[in-house]
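Structure, as structure tokens:
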């Protein structure tokens, strides 16, 4: 960690990403609660997360853009555009304008489809290879650790004074991210133009993942995991209201407890990655998540508290293992498209699952849904633990760029 903070680019990159994550975390949960307050419907609240996931399906196009332009100017432009988009939420005043929240969340998803691949690709260029795992672990700690305070902050501000401070605060964090991007020292050559069709370019990342058995298996396990997490988006509203008999704002407390577990997981992630490997670290996260969702079934605040902390612990381990393996096995000129392809492979089932969960919660008991979620997590864990490709901890050389299966 001392070596990480001794690198100027790493410090600036982590500061910008952490502050941007801080604003996102406060806003996203607040928007779901806001929709619930305006409409009285948990299904309508879950639909806001669905719209974000729907927009993120454009990720492969964002990956092509990230690999065919210089990443830093692209990130600056995308952050500025997203800040303007978020400010449109200031126009929402009653339930008749909920459609604008959905529209902004859809645009937020489109933005994420560009920002995600470009950030991953810039990180690979900006920082030395030996720091990539530590940076990923630090990012996961920041991303999920902010849940210690941002849900309470966002939900508390929403309940006390309305959504305006949360909206403006999130827009400001995008401007801070732009400042850090301007300050980092990186030399990027303009990528050479290509005569290949844009669709061929877009699917190159997916072909690379399919050609790598370890990446392909991790993607399949991740598909089961994000399906489970997608089903849980609306189920957690029911856990709070029906299981614990608390107001919707109490969801902020639950998500903050996820932050407690996430901080622990983020701090231990790098050490676990050295002892295990990427696949086994992801399997550990999946088993932990399954335990957390099972605890959410009990109509008990202590059980829900522990369950939330376990769910929070699972996410950094899953993300750290997945992202580190992707960076380790992907050449730089393909990084944006590979990241976008992985994002699409995971966001598509998650999008469907969020919509399905919003519908299922109206017709079946939320406890049955939580059992199904835990079963999916355990199935993904068992699959990874039985794959021989994830027993080898030796680094592998990246496959050639645009490799065909």
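Only one of these is part of a helix (DSSP H, G or I), within 18 Å of the chain's Cα centre (by Cα) and at pLDDT 85 or above: 286, 294. Name it. Lay out the reasoning, then the answer.
Details: 294 fails: within 18 Å of the chain's Cα centre (by Cα).
286 is the lone residue from the list that is part of a helix (DSSP H, G or I), within 18 Å of the chain's Cα centre (by Cα) and at pLDDT 85 or above.
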(request) Within the range 318-337, work out how many residues are under 25 Å from residue 274 (Cβ atoms), in a helix (DSSP H, G or I) and either over 17 Å from the mean Cα position of the chain (by Cα) or free of Cβ contacts under 8 Å to residues at least 60 places away in the same chain (or both). (result) 3
(message) If residue 245 satisfies all but one of (1) on the phi < 0 side of the Ramachandran plot; (2) surrounded by fewer than 20 Cβ atoms within 10 Å (Cβ to Cβ), what's the number of the condition it fails?
(response) (1)
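State whether one or more residues within the range 70-77 are in contact (Cβ under 8 Å) with a residue 60 or more places away in the chain and within 22 Å of residue 350 (Cβ to Cβ). Can you show your working first?
First, pick out the residues of the range 70-77 that are in contact (Cβ under 8 Å) with a residue 60 or more places away in the chain: 70-72, 75-76.
Remaining after also requiring within 22 Å of residue 350 (Cβ to Cβ): none.
Among the residues of the range 70-77, not one is in contact (Cβ under 8 Å) with a residue 60 or more places away in the chain and within 22 Å of residue 350 (Cβ to Cβ), which makes the answer no.
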(message) So, in the range 16-36, exactly how many residues are under 17 Å from residue 88 (Cβ atoms) and surrounded by fewer than 24 Cβ atoms within 10 Å (Cβ to Cβ)?
(response) 2
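From 312, 321, grab the single residue that is closer than 25 Å to residue 32 by Cβ and modelled with pLDDT of 80 or more.
Numbers: 321 fails: closer than 25 Å to residue 32 by Cβ.
Only one candidate passes the filter, namely 312.
Does residue 264 satisfy being within 15 Å of residue 240 (Cα to Cα) and either touching a residue at least 24 places away in the same chain (Cβ under 8 Å) or not in a loop (DSSP other than H, G, I, E, B) (or both)?
Values: within 15 Å of residue 240 (Cα to Cα): no; either touching a residue at least 24 places away in the same chain (Cβ under 8 Å) or not in a loop (DSSP other than H, G, I, E, B) (or both): yes.
Taking the combined requirement at face value, the residue does not satisfy it.
Identify all residues within the range 10-42 that are under 30 Å from residue 365 (Cβ atoms) and modelled with pLDDT of 75 or more; write none if there are none.
Those that are under 30 Å from residue 365 (Cβ atoms) and modelled with pLDDT of 75 or more: 30, 31, 32, 33, 34, 35, 36, 37, 38, 39, 40, 41.
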(message) I'd like to know if the range 372-388 contains one or more residues that are in a helix (DSSP H, G or I), buried (at least 23 other Cβ atoms within 10 Å of the Cβ) and modelled with pLDDT under 90.
(response) no
(message) Just to verify a result, which residue in the range 55-96, among those that are out of contact with any helix residue (DSSP H, G or I) (no Cβ under 7 Å at 6 or more places or on another chain), in a helix (DSSP H, G or I) and modelled with pLDDT under 90, is farthest from residue 179 (Cα to Cα)?
(response) 96
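Every residue in the range 267-283 that is in a loop (DSSP other than H, G, I, E, B) and crowded, with 20+ Cβ neighbours inside 10 Å, please.
At the first step, the residues of the range 267-283 found to be in a loop (DSSP other than H, G, I, E, B) are 276-277.
Listed by number, the list holds a single entry, 277.
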(message) Just the residues that are buried (at least 24 other Cβ atoms within 10 Å of the Cβ) and either free of Cβ contacts under 8 Å to residues at least 60 places away in the same chain or under 18 Å from residue 49 (Cα atoms) (or both), please, taken from the range 211-225.
(response) 225
(message) If a residue must be closer than 15 Å to residue 37 by Cα and surrounded by fewer than 16 Cβ atoms within 10 Å (Cβ to Cβ), how many such residues does the range 85-99 contain?
(response) 6
(request) Look through 145, 113, 109 and report the one residue that is in a helix (DSSP H, G or I), at pLDDT 80 or above and buried (at least 24 other Cβ atoms within 10 Å of the Cβ). (result) 113
(request) Output the number of the condition that residue 126 fails; it satisfies all remaining conditions of (1) farther than 26 Å from residue 105 by Cβ; (2) touching a helix residue (DSSP H, G or I) at 6+ places or on another chain (Cβ under 7 Å); (3) modelled with pLDDT under 75. (result) (3)
(message) If I ask for residues that are under 20 Å from residue 142 (Cβ atoms) and surrounded by fewer than 24 Cβ atoms within 10 Å (Cβ to Cβ), which ones from the range 323-342 would you list?
(response) 323, 324, 327
(message) Can you find a residue that is at pLDDT 80 or above, part of a helix (DSSP H, G or I) and more than 30 Å from residue 388 (Cα to Cα) anywhere in the range 183-194?
(response) yes
(message) Taking the condition of being free of Cβ contacts under 8 Å to residues at least 24 places away in the same chain and within 14 Å of the chain's Cα centre (by Cα), how many residues in the range 114-137 meet it?
(response) 0
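The values are calculated or read from the model by the stated rules, or taken from the named source; none is laboratory data. The model shown is predicted, which means the values in this text are computed figures rather than measured ones. Ideal geometry is used to build each Cβ from the backbone, glycine not excepted, and the neighbour counts take in all protein chains shown.
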